[in-house]
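The values are calculated or read from the model by the stated rules, or taken from the named source; none is laboratory data. Here the structure is a predicted model, which is why all the values come from computation and not from measurement. Cβ coordinates were reconstructed from backbone atoms using ideal geometry, including for glycine residues, and neighbour counts include every protein chain displayed.
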Amino acid sequence: MFFALFLMLQAATPPPVDLSVLNECHRAARARDQKTGGDFEVRLTLKAAGAVELLTVVKNSSSDAILERCVRFHLQKMTFPGRRSPLTLRFSFPRNLPQYGVFATDVPISRTPGNGTAARVLLHPGSVSTQAASLTVLRIDKAGRFLQHVHQKTDVFFAVLEGTGRLDLWTSALKTRSHPLSAGTTGFLPAGIPHELTGPVGDEPLVLLLWALPPKIDQFFLNGEAALHDVHFFPPPKSPDAPPPTSFARLAELKIADVAFPKAAPTALTKRSLITVPKVGELVLITAPANAKVTLEPPARGAAFAFLARAGGEITIGRELHVVQPGSGWYLPQKATYVPRVADAPLFLIAFCSGGICSAR
């Protein structure tokens, strides 16, 4: 598996202690910071049956509170029958491994935008080793709004996964254009065009994926401070504050399309181009039957930033093998092969391919 765990025990006579569950701690911590890793030394005071009575972290060179909290949680639930108390465990989480995938369950929801909106940032320079793009899942609840704003330096691809809503675009300083949003609506918003997102009238939230180039607005969702991360909100009407600078020079590059996402299980491997922007990349939908092995190859000078809406299996990148599941985001700088491992779980993948066209076979 990708997250190797190296273990040295003070007592060598009993069978080795299985600490593989701590790999999940490493993965969850690395979803927030790809450089997380380090050495641990933990001293356990054990009860007669081997249950943990007292746990003391003697050393934690990772300086990662999330990783330490997770290690404590799992170790306190474990039993160590036949071990002499106190028991000292020494183990290491590698720091220099590349990070490719992030599970949604590993990443907290940020409510920074307010107004009934919430975001979950899956791929960004802090979670995977790339500076090219980021991937965020944005949810807007009933009557929620992501208020009028502009990205002066950031281009955005988007794809609506579920729900309904509305996208309002300013095509000039005085003119607007509205587009209804529903599952299958996709688009490319070049930098400089003011826009606003409005959530559904009904109870089902509007859920959409955002790919940002370069990855700036992900830091707004993570840390706030909008203007520092290229999210410039417009002041309310009659406010003395000046509106942010805008540019409509790239209005001709704006693209919005509506497609019908398949509802029935796919019977063959299919790759569908949703939005293509020359010299920038394409947004693609890849579907395959539950028993189909799929190889995805990114552009020669680019990468794929993929979201798995439905899947259940393993993905091989180079010599590394990873488990994949619905709701996970993946940075694929090279050819990757998906092998299904779950019955009745067809592949449904949406990806932005930077710098060219992806291939699937």
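Observations
- Neighbours by Cβ (under 6 Å, 6+ apart or cross-chain): first from segment 260-272, without any contact (Cβ under 8 Å) to a residue 24 or more places away in the chain; second of a type outside the set (D, E, K, R): THR270/THR287; ARG272/LEU285
- Residue under evaluation VAL277, criteria (1) modelled with pLDDT under 95; (2) touching a Lys or Arg at 6+ places or on another chain (Cβ under 9 Å), criterion not met: (1)
- Looking at segment 110-224, the strands (runs of 3 or more DSSP E) lying wholly inside it that each contain 1 or more residues that are surrounded by 19 or more Cβ atoms within 10 Å (Cβ to Cβ) and among the hydrophobic types (A, V, I, L, M, F, W, C) sit at 117-123, 134-140, 145-150, 155-162, 165-170, 176-181, 185-189, 195-198, 206-213.
Here is a yes/no grid of residues against (1) assigned to a loop (DSSP other than H, G, I, E, B); (2) at pLDDT 95 or above:
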{"position": "MET1", "(1), (2)": "yes, no"}
{"position": "THR13", "(1), (2)": "yes, no"}
{"position": "GLU24", "(1), (2)": "no, no"}
{"position": "THR45", "(1), (2)": "no, yes"}
{"position": "HIS74", "(1), (2)": "no, yes"}
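- Within the option set LEU161, LEU228, LEU209, being hydrophobic (A, V, I, L, M, F, W, C) and at pLDDT below 95 holds for one residue only, LEU228.
- The requirement of being touching a residue at least 40 places away in the same chain (Cβ under 8 Å), within 23 Å of HIS179 (Cβ to Cβ) and assigned to a loop (DSSP other than H, G, I, E, B) is not satisfied by ALA309.
- So GLY327, is it touching a residue at least 60 places away in the same chain (Cβ under 8 Å), touching an Asp or Glu at 6+ places or on another chain (Cβ under 8 Å) and surrounded by fewer than 22 Cβ atoms within 10 Å (Cβ to Cβ): no
- Residue count for segment 87-97, restricted to those that are part of a loop (DSSP other than H, G, I, E, B) and either closer than 16 Å to ARG72 by Cβ or in contact (Cβ under 8 Å) with a residue 60 or more places away in the chain (or both): 3
- Residues in segment 178-206 that are of a type in the set (Gly, Ala, Ser) and out of contact with any Pro (no Cβ under 8 Å at 6 or more places or on another chain) were compared, and the one that is modelled with the lowest pLDDT is GLY202.
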